[in-house]
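For reference, the structure discussed in these notes is given below.
The values are calculated or read from the model by the stated rules, or taken from the named source; none is laboratory data. As the structure is a prediction and not an experimental result, all values here were calculated from the model. Note: ideal-geometry Cβ built from the backbone for every residue, glycine included; neighbour counts use all protein chains shown.
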Amino acid sequence: MWCKNIFKDIYQFKVAKVGEVIMARHLVREVYSELNHLVLFRSIAEDCLVRKASNLMKLYLDGNGGLDALYYEICHDLISIAWEEGLSGDLWKEYLLRLIILDENAFSLTCERSADGISRSLSEAALHDLNILKKWYLMDWGRLRKGTGSNTADFITDFQMDSGRTGREDGRYRAVRRAFTEDKPVEEILKVLQDYYQGTGCGEMGLYRAFRWEEGRGLVPVKHPDPVTFDDLIGYEKQKETLVDNTEAFINGAPANNLLLFGDRGTGKSSSVKALVNKYFARGLRLIELPKHQLVYFPDILAAIRSRGLRFIIFIDDLSFEDFETEYKYLKAVIEGSVEARPDNVLIYATSNRRHLIKESWKDREGDDVHVADSLQEKLSLVDRFGVTITYTSPDQEEYLEIVRGLARKHNIEMPEDELTEQALQWVMWHNGRSGRTAQQFINYLLGNSHRGRF
């Protein structure tokens, strides 16, 4: 009798295992077959790594060889991307989530401008795609790994990134991840995704805060922007207040001016502009850095961002022209005067060490032009195209010492105040004069000495 029961248990175990395999193959076949049914998010189906995953499923379903080689190739790709982008955890889920966040389509772009404008048809198409993407997100890679016959650890489902290389993400990003991971209904995922696109934007413009223009590629993200904040910039409170007030109005859709930040070197003009995008990134502000020699691409940049729901500051750093350079005439038309209107979601912020931007000489004022005043006015008119000029002057001695003391507190430098003052004033005489940059260089010097145990 016991022998009969053993054979019965073995039979039932085998039936259960066969049933489990059949069910597993059915689920994989369902996920595999629906990939090409995507409508709005169809570009995800064309992604190279998604295609490899699709081919892996086909090999699994057909029972053909080569399954293990392709599986490890996908592992290699996922870990390489994790290293570049700072991903951790379940790498397949993180990668697919990133594709969804970055996808620019009719639904995500409409949400970026206003989630209230989503039509019923567009919502239904999005729900259709999210049903498919949710299955791909929840795909069991352990099942496919077992198909390779491998006994290695399934490291791509619990990948730990080294400290210091964690990717940047905000609360909206984490909310989208939770909605997919917790297997929420697609209607709820749709609402969370709408909130993300509307608040943060879609595509690379939703993920990154600063961009540059590259010929042949267009706007490309700056993946490691300067993290400077206004707390790092001590002093110049009135200048920062004017800058912030103008930018706040711009973000809120109120009238705002193009700005020229003029003043002495090292006073924090460029850092103030970069601090803006770090302050207002979550509210949809983006920075596009445009060198003077790339002004010819200005119309192309406007075409790329005109219809976006985000706000853009085009930042021209260290702007000035020699008297023989005529690009300033082009810039005048770009800022104000061109037939093409500048979009409401774009402002121009520039910094310069020259008050009037274009080099002047006594010859300009006493030259042989019949209408000297007209020629002079043409050169001076460029600065008038900036509605507001904010002046940054070198600090006096007490202001300079206040910056030094503030930076010392920020970096926890413990030194008697009279000694700090004496060394800071000596540093000014030996180096670049009084400025915020000089103060920071002095603090860097002290920090370097502290690591060497010299104070």
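Out of Leu302, Leu295, I need the residue that is among the aliphatic types (A, V, I, L, M), at pLDDT 85 or above and assigned to a helix (DSSP H, G or I). Which one?
Leu302
Assess whether Arg172 counts as being assigned to a helix (DSSP H, G or I), at pLDDT below 90, under 20 Å from the mean Cα position of the chain (by Cα) and not small (Gly, Ala, Ser).
yes
Across the range 404-416, what is the number of residues that are of a type outside the set (Val, Ile, Thr), touching a residue at least 24 places away in the same chain (Cβ under 8 Å) and not in a helix (DSSP H, G or I)?
2
Quick one: in the range 115-155, which of the residues that are modelled with pLDDT of 80 or more and hydroxyl-bearing (Ser, Thr, Tyr) is surrounded by the fewest Cβ atoms within 10 Å (Cβ to Cβ)?
Checking each candidate, the answer is Ser121.
What residue, of Glu419, Glu399, is at pLDDT 90 or above, among the acidic types (Asp, Glu) and assigned to a helix (DSSP H, G or I)?
Selected residue: Glu419, the only one of Glu419, Glu399 that is at pLDDT 90 or above, among the acidic types (Asp, Glu) and assigned to a helix (DSSP H, G or I).
Any residue that is assigned to a loop (DSSP other than H, G, I, E, B) and at pLDDT 85 or above - is there at least one of those in the range 42-61?
The answer is yes, given that some residue of the range 42-61 is assigned to a loop (DSSP other than H, G, I, E, B) and at pLDDT 85 or above.
Just one of (1) farther than 16 Å from Ile156 by Cβ; (2) at pLDDT 85 or above; (3) surrounded by 14 or more Cβ atoms within 10 Å (Cβ to Cβ) trips up Ile79, so point out which.
Here Ile79 meets the rest and fails (1).
Any residue that is without any contact (Cβ under 8 Å) to a residue 40 or more places away in the chain, part of a loop (DSSP other than H, G, I, E, B) and in the same structural domain as Val296 (by TED's automatic domain parsing) - is there at least one of those in the range 235-251?
Scanning the range 235-251 turns up no residue that is without any contact (Cβ under 8 Å) to a residue 40 or more places away in the chain, part of a loop (DSSP other than H, G, I, E, B) and in the same structural domain as Val296 (by TED's automatic domain parsing).
Within the range 261-284, track down each residue that is of a type in the set (A, V, I, L, M, F, W, C) and either without any contact (Cβ under 8 Å) to a residue 40 or more places away in the chain or assigned to a helix (DSSP H, G or I) (or both).
Scanning the range 261-284 gives Val273, Ala275, Leu276, Val277, Phe281, Ala282.
Residues of the range 102-114 being under 14 Å from Asp47 (Cα atoms) and buried (at least 20 other Cβ atoms within 10 Å of the Cβ), which ones?
Residue satisfying the conditions is Asp103 alone.
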